[in-house]
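A short reminder: the numbers here are calculations on the coordinates, not readings from a lab. As the structure is a computational prediction, the values presented were derived from the model and not from experiment. All Cβ positions, glycine included, derive from the backbone under ideal geometry; neighbour counts span all protein chains shown.
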């Protein structure tokens, strides 16, 4: 367990079937075009290249899911497919802890690069990723819908070694 940004103690675990409802609630509160249950289940079942993790508020009795992270490992690269924190738990370090976990996971899997897409207007998320060394690497035109918007491709390369 790690204190996320000094605010909220979180534990990151693989997503369990009973976590799905809470993950879907966070997803619906976070995105204008949310993923479906089937999409999360498909991510969870891609054991050959993908994993879904949840962040639990470990300093609360019920260890409620407060965020999640979907990762793919393909051809020596890790891609963050989806990441979100419950809106009422934001700005408490949970997002930073999830990104840190992704970097560590990429390092453990000997990935050469970590990538993601983020809305061009989401400057807060971009600032978080830059704190970890991500850089803008390109743009995907009209990548997002509702509203239609470009995605900024951000990469972290090389993956820094684990800090233990």
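By how many nm would the segment from residue 45 to residue 7 grow when fully extended, if each residue of separation counts as 0.36 nm and the alpha-carbon distance is taken off?
Taking residue 45 through residue 7 to full extension adds about 10.4 nm, to one decimal.
FRET efficiency for residue 33 and residue 91, Cβ-Cβ distance as r, R0 = 35 Å, nearest 0.05?
Efficiency, rounded to the nearest 0.05: 0.90.
Can you tell me what share of the DSSP beta bridges in region 1-135 is antiparallel? A percent to the nearest 5 is fine.
85 percent
Just grab the label-to-label distance for residue 81 and residue 59, each label 7 Å out from Cα along the Cβ direction, in nm (one decimal).
In this crude spin-label approximation the distance works out to 3.3 nm.
Could you put 49, 146 in order, starting from the residue whose Cβ has the fewest other Cβ atoms within 10 Å?
146, 49
Of 134, 31, 40, which is the most mobile in a GNM of the chain whose springs link Cα atoms less than 10 angstrom apart?
31
Using label points projected 7 Å from each Cα along Cα→Cβ, tell me how many nm separate residue 141 and residue 122, to one decimal.
2.2 nm
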